[in-house]
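**Q** Once you've had a glance at the structure underneath, I'll fire off some questions.
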Amino acid sequence: MSFYVFLLCGIAGGLLGGMGMGGGTALIPLLTLFCGVEQRAAQGINLLSFLPMSAAALAVHRREGLLKGEGAVSFALPALISSFAFSLLAARLPSAVLRTGFGCFLIILGTFRLGKSFFALKNNKNAKTL
């Protein structure tokens, strides 16, 4: 049974990762909640699975002409440096701290996206009545 749960988690992570929305946003909670994987291990699995997922998505996005180079170095260099530094920190933090931090991140992200969706619905409703 666990093979199928892992398979479905991989599909969900690949779905979001392929769209460039961060498969880890789904993959980490799925692994911890449904597969019983410890938070630190789930984050490691996510990092490992990110490499082939992002390579495949990058190739498709490039083929479709969706990649824009402006600002890429300005974004990528600080992201690379900070990801290295924070991965060192995460390796030393207890799993409970990582789980709490990731949960807070998801709550903030969900609240922000929900607010933007309601705002967009309100603007679309007003546009139709004008």
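**Q** Out of everything in the range 1-41 that is of a type in the set (Val, Ile, Thr) and surrounded by fewer than 16 Cβ atoms within 10 Å (Cβ to Cβ), what residue ends up being nearest to LEU58 (Cα to Cα)? Steps first, please.
**A** Pass one, the range 1-41, residues of a type in the set (Val, Ile, Thr): 5, 11, 25, 28, 32, 37.
Add one more test, that the residue is surrounded by fewer than 16 Cβ atoms within 10 Å (Cβ to Cβ), and what stays is 5, 11.
On the way: VAL5: 27, ILE11: 17 Å.
That would be ILE11.
**Q** Another question, if that's okay. Could you count how many residues in the range 92-114 are surrounded by fewer than 11 Cβ atoms within 10 Å (Cβ to Cβ) and either in contact (Cβ under 8 Å) with a residue 60 or more places away in the chain or more than 19 Å from the chain's Cα centre (by Cα) (or both)?
**A** Residues flagged as surrounded by fewer than 11 Cβ atoms within 10 Å (Cβ to Cβ) and either in contact (Cβ under 8 Å) with a residue 60 or more places away in the chain or more than 19 Å from the chain's Cα centre (by Cα) (or both) within the range 92-114 amount to 3.
**Q** Among the candidates ARG113, ARG63, ARG92, which residue alone is of a type in the set (D, E, K, R) and closer than 20 Å to LEU27 by Cβ?
**A** ARG113
**Q** Sticking with this one: Could you count how many residues in the range 9-42 are part of a helix (DSSP H, G or I) and in contact (Cβ under 8 Å) with a residue 12 or more places away in the chain?
**A** Of the residues in the range 9-42, the ones part of a helix (DSSP H, G or I) are 9-18, 24-34, 39-42.
Subsequent filtering for residues that are in contact (Cβ under 8 Å) with a residue 12 or more places away in the chain retains 9-10, 12-14, 17-18, 24-32, 34, 39-40, 42.
Summing the residues that are part of a helix (DSSP H, G or I) and in contact (Cβ under 8 Å) with a residue 12 or more places away in the chain in the range 9-42 gives 20.
**Q** Would a scan of the range 48-57 turn up a residue that is part of a helix (DSSP H, G or I), at pLDDT 90 or above and more than 18 Å from LEU31 (Cβ to Cβ)?
**A** There is no residue in the range 48-57 that is part of a helix (DSSP H, G or I), at pLDDT 90 or above and more than 18 Å from LEU31 (Cβ to Cβ).
**Q** Still on this model: Within the range 60-86, work out how many residues are of a type outside the set (Lys, Arg), more than 18 Å from the chain's Cα centre (by Cα), closer than 21 Å to GLY18 by Cα and part of a helix (DSSP H, G or I). Talk me through it step by step, then tell me what you get.
**A** Within the range 60-86, the subset of a type outside the set (Lys, Arg) is 60-61, 64-67, 69-86.
Okay, now just the ones that are also more than 18 Å from the chain's Cα centre (by Cα), so 60, 64-67, 69-74, 77-78, 81, 85.
Now narrow it down to the ones that are closer than 21 Å to GLY18 by Cα: 60, 64-67, 69, 72.
If we keep only those that are part of a helix (DSSP H, G or I) too, we end up with 60, 72.
Within the range 60-86, residues that are of a type outside the set (Lys, Arg), more than 18 Å from the chain's Cα centre (by Cα), closer than 21 Å to GLY18 by Cα and part of a helix (DSSP H, G or I) number 2.
**Q** Spot the failing condition for ALA90; the list is (1) within 23 Å of LEU33 (Cα to Cα); (2) out of contact with any Leu (no Cβ under 7 Å at 6 or more places or on another chain); (3) aliphatic (A, V, I, L, M), and only one is missed.
**A** (2)
**Q** Test of understanding: among VAL37, VAL60, which residue is within 19 Å of LEU8 (Cα to Cα) and hydrophobic (A, V, I, L, M, F, W, C)? Working first, answer last.
**A** Numbers: VAL60 fails: within 19 Å of LEU8 (Cα to Cα).
Being within 19 Å of LEU8 (Cα to Cα) and hydrophobic (A, V, I, L, M, F, W, C) holds for just one of VAL37, VAL60, which is VAL37.
**Q** Would you mind telling me which numbered condition in (1) touching a Gly at 6+ places or on another chain (Cβ under 9 Å); (2) closer than 26 Å to LEU89 by Cα LEU33 fails?
**A** Going through the list (1) touching a Gly at 6+ places or on another chain (Cβ under 9 Å); (2) closer than 26 Å to LEU89 by Cα, LEU33 breaks only (1).
The values are calculated or read from the model by the stated rules, or taken from the named source; none is laboratory data. Every value quoted in this text rests on a predicted model; they were computed, and no experiment measured them. Because the Cβ atoms are built from the backbone with ideal geometry, glycine has one as well, and the counts that use them run over all protein chains shown.
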